[in-house]
Amino acid sequence: MTAPTIDRDVVSVVQAAIEKHGNSRDAMIPVLTEINRVFGYVSREAIHEVRKQLHDPARQVHIAESQLYALTSFYDMLSTKPRGRHVIKFCENAPCHVVGGKAVWDGLREMLSLENGETTADNKWTLVTTSCLGLCSVGPVVLIDDDMYGNVTPEQISEILGKYE
């Protein structure tokens, strides 16, 4: 298998993330999160570069690309593919569902013409579900970027999305 061609920006971002968060196995999630923050996702090239930099004999951390990919694909705060400028995370857990979550989910899907995991053609929005956002007492809950909205109703969706124009 041929190694992917790595953009110098990827190399410098990975290097900075490792320098900032460390080169231990425990630092992998913060390192991947930093890369995700800078680029909006963790590319195959970035995963390859993390592994390459960590396998430097001076660092002596051995982690397979498949393990890095598994971490990146497991956590919903990370993505292995580009996302929109604004990521909408909708809680699909039972407490949100029983207080009207399905109607809010259907409203989001209809307004954005998206299904779970999709991004709008203009790259403005990505819509994803998550199992819990930790605010069960104020469900249905929607997280847009770092902004949390609780007790959301279908009627509020347009106004909430309008804040991101």
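Within region 146-165, residues that are in the same structural domain as Asn123 (by TED's automatic domain parsing) and modelled with pLDDT of 95 or more reach partners that are in a helix (DSSP H, G or I) and of a type outside the set (A, V, I, L, M) with beta carbons closer than 7 Å, at six or more positions or on different chains, in the pairs Thr153/Gly100; Pro154/Gly107; Ile157/Gly107.
Can you give me the number of residues within region 77-94 that are open to solvent by less than 20 Å² (accessible area, probe 1.4 Å) and either under 12 Å from Ser131 (Cα atoms) or acidic (Asp, Glu) (or both)?
Residues that pass the stated criteria total 2.
Given the criterion of a type in the set (S, T, N, Q), surrounded by fewer than 19 Cβ atoms within 10 Å (Cβ to Cβ) and within 30 Å of Met111 (Cα to Cα), identify the matching residue among Ser73, Ser43.
That would be Ser73, the only listed residue that is of a type in the set (S, T, N, Q), surrounded by fewer than 19 Cβ atoms within 10 Å (Cβ to Cβ) and within 30 Å of Met111 (Cα to Cα).
Looking across region 130-140, the residues that are open to solvent by less than 30 Å² (accessible area, probe 1.4 Å) and either at pLDDT below 95 or charged (D, E, K, R) (or both) come down to Thr130, Gly139. Taken over region 95-129, residues that are open to solvent by 60 Å² or more (accessible area, probe 1.4 Å) and either part of a strand (DSSP E or B) or on the phi < 0 side of the Ramachandran plot (or both) amount to 12. Listed by first and then second residue, the pairs linking a residue in region 104-127 that is more than 13 Å from His86 (Cα to Cα) to a residue that is of a type in the set (Ser, Thr, Tyr) and open to solvent by less than 80 Å² (accessible area, probe 1.4 Å), with Cβ atoms under 6 Å apart and 6 or more places separating them unless they lie on different chains, are Asn116/Thr129.
Residue pairs whose Cβ atoms lie under 7 Å apart, separated by 6 or more positions or on different chains, with the first residue in region 63-91 and farther than 21 Å from Val142 by Cβ and the second of a type in the set (Lys, Arg) and exposed (fewer than 14 other Cβ atoms within 10 Å of the Cβ), are Ile63/Arg25.
The values are calculated or read from the model by the stated rules, or taken from the named source; none is laboratory data. Bear in mind the structure is a predicted one, so any value in this text is a computation, not a measurement. Positions of Cβ are backbone-derived with ideal geometry, glycine not excepted, and every protein chain shown enters the neighbour counts. Quick note on the areas: whole protein, heavy atoms, side chains included, nothing else; ligands and nucleic acids left out. Shrake-Rupley method; radii C 1.70, N 1.55, O 1.52, S 1.80 Å.
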